[in-house]
Amino acid sequence: MTKQISLRDFSLFLAIVGIWGFFTVLSPSYIESRNLSLLAIEMSTTAVAALGVLLIILCGHIDLAIGSGVGLFGGLAAVLTTWFGWPAPAALGVSLLAGILLWAGMGKFIVSQNIPAFIITLGGLLIFKGIFWLVIDVSTVPVVLGGQTNLYSLLTDFYLSPAMGYLLAFGVSAALAVATLKSRASRRRHNFAVEDQEVAFYKFMMQAIGLFIVVVVLNMFRGVPMSVIILCGIAFGIYVLTQHTSFGRYLYAIGGNEEAAFVSGVPVNRTVVTAFAIAGGLVAITGFLQTAKTGYSTTAVGQLMELDAIAACVIGGVSLKGGRGTVMGVMFGSLIMASLINGLTLISADPAIKFIARGTVLVLAVWMDVRLNKK
């Protein structure tokens, strides 16, 4: 049985081409290597948060506390490093652990008290925002004192050498090839629809060629940024988790029909709590990347980050009802959101225009998703 390709398979790619073309006309420097390197760093921040949201939405829940968590965990690590003199790895480790425990606690409260995640995470948004401001004492906390570097500051300031960049592209391409072959073999074993062999080959070639083009462009500036490497590692881990483990199958089953999943023996509560815990870790990592990118923690860090992360998921084809969504779709959705924000910043658009544009893209993505599903 072969799977037919549709316009939806290329809609995200066409959207990216349209956005890039539009901003290139307005500002030719949009496609220069320096700006594309900045775009890659911005996309990494959005995508890491969106991958955490993916796990939560897959099982039919929502997370509105991401932005506050991004500020809190990034600020906590900055305070421990700069004010208390902790080594950066220890400060990052403590903040990461705090993220996992806090989000696991929210997940546990949601499933044990049967309260909608919308309410709990909305309360978390306000609570974590308040704690964040207390932690940084409503001031500006630098990631590292002037003229110095540490592991924290290098998260967005370190770049791979050109040779290492090409080696990374080769390794990712090989991993994509193996994952494609294993996925096709697995679907055939279970008598599921698979794409035509030629279509699958061309899609892989397009991904591999695109990957090497990205590395070539990034090497024209400073090389592949550390944040992109972190994103690749996390994306691969979430892909394996959702597509090749029983935990991933539980997520899709719960999002598809929670009662049926429970009757079938799926540990619903434990799976949801674990999804929240992993998402909390990714929120903390997003906070590190966002704070390292700006160089300091302020009350503005993480503001409306939940909007960008959820929008990236919806644009990437993740169903808000749960049970449907892929890592690749989230990556494309994150690239669209980052491209839009980067372009609007480059042309010095008014902040009001930025809000209108981001909201419009989100509404259009949902509308297109509904229309294509009906067809």
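The table below lists the values:
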{"item": "Whole-percent pair-distance distribution, where bins are 5 Å wide, for the alpha carbons of the range 246-375", "result": "2, 9, 14, 19, 18, 15, 11, 6, 4, 1, 0"}
{"item": "Listed residues Gly146, Gly71, Gly322, most fluctuating in the chain (Gaussian network, C-alpha, under 10 Å)", "result": "Gly146"}
{"item": "Set of aspartates and glutamates with alpha-carbon distance to Lys129 below 20 Å, sequence-local pairs under 8 removed", "result": "Asp63, Asp137, Glu306, Asp308"}
{"item": "Shape metrics for the range 187-303, restricted to C-alpha atoms - Rg then Dmax, Å", "result": "19.4, 55"}
{"item": "Convex hull projection area averaged over all views, the range 116-207, Cα basis, nm²", "result": "12.2 nm²"}
{"item": "Relative contact order (percent, whole number), the chain, Cα cutoff 8 Å, 6+ residue spacing", "result": "36 percent"}
{"item": "Leading residue at positive end of dipole, the chain (Cβ point charges), from Leu97, Ile336, Thr294", "result": "Ile336"}
{"item": "More than 22 angstrom apart: percent of Cα pairs within the range 37-187", "result": "56 percent"}
{"item": "Computed log₁₀ I(q)/I(0) - Debye formula, equal Cα scatterers, no solvent, the range 208-259, q 0.19, 0.26, 0.29, 0.31 Å⁻¹", "result": "-0.72, -0.95, -1.04, -1.09"}
{"item": "Shape call, the range 120-266: gyration tensor on alpha carbons, a/c limit 1.5", "result": "oblate"}
{"item": "Lys, Arg +1 and Asp, Glu -1 on Cβ, resulting dipole of the chain about Cα centre, debye, nearest 20", "result": "860 debye"}
{"item": "Once the Cα gyration tensor of the range 18-94 is diagonalised, semi-axes √(5λ) in Å", "result": "31, 22, 9"}
{"item": "Estimated 222 nm signal from helices in the chain, with DSSP H stretches of n ≥ 4 weighted -39500 (n - 2.57), rounded to 500", "result": "-25500 deg cm²/dmol"}
{"item": "Stokes-Einstein diffusion coefficient of the range 58-131, Kirkwood radius over Cα pairs, 4 °C, 1.567 mPa s, in µm²/s", "result": "99 µm²/s"}
{"item": "Phi to ³J(HN,Hα) by Karplus 6.51 cos²θ - 1.76 cosθ + 1.60 over the range 44-52, Hz, x for Gly, Pro", "result": "4, 5, 5, 5, 4, 5, 5, 5, x"}
{"item": "The chain pair-distance distribution - Cα-Cα, 20 Å bins, rounded %", "result": "28, 60, 12, 0"}
{"item": "Pairwise Cα inverse-distance average, inverted: Kirkwood Rh of the range 88-140 (Å)", "result": "12.5 Å"}
{"item": "Full-extension gain in nm, Gln303 to Phe262, via 0.36 nm per residue minus C-alpha separation", "result": "11.1 nm"}
{"item": "Listed peptides 295-307, 35-47 by packing density, highest first (mean Cβ within 10 Å)", "result": "35-47, 295-307"}
{"item": "Top of Ala78, Ala185, Ala253 by mean-square fluctuation, Gaussian network on the chain, Cα under 10 Å", "result": "Ala185"}
{"item": "For the range 232-298, fraction of C-alpha pairs farther apart than 19 Å, in %", "result": "45 percent"}
{"item": "Estimated distance in nm for a label pair at Leu101 and Glu32, the labels positioned 7 Å out from Cα along Cα-to-Cβ", "result": "4.7 nm"}
{"item": "The range 119-191 - percent of accessible surface contributed by carbon and sulfur, probe 1.4 Å", "result": "71 percent"}
{"item": "Per residue solvent-accessible surface (Å²) - the chain, probe of 1.4 Å", "result": "48 Å²"}
{"item": "Estimated dipole of the range 164-217 in Debye, rounded to 20 [Cβ of Lys and Arg +1, of Asp and Glu -1, Cα centre]", "result": "280 debye"}
{"item": "Sequence of Tyr202, Tyr30, Tyr239 when ordered by accessible area, the most exposed leading, probe 1.4 angstrom", "result": "Tyr202, Tyr239, Tyr30"}
{"item": "Kirkwood hydrodynamic radius of the range 145-198, Cα pairs, Å", "result": "14.8 Å"}
{"item": "Inter-label distance for Leu320 and Thr345, nm, one decimal - labels placed 7 Å from Cα along Cα-to-Cβ", "result": "2.6 nm"}
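The values are calculated or read from the model by the stated rules, or taken from the named source; none is laboratory data. Nothing here was measured: the structure is a model prediction, and the numbers come from that model. Cβ sites come from the backbone with ideal geometry, for glycine too, and all protein chains shown count toward neighbours. Each accessible area value is taken on the protein alone, full model and side chains, heavy atoms only, with ligands, DNA and RNA left out. Shrake-Rupley method; radii C 1.70, N 1.55, O 1.52, S 1.80 Å.
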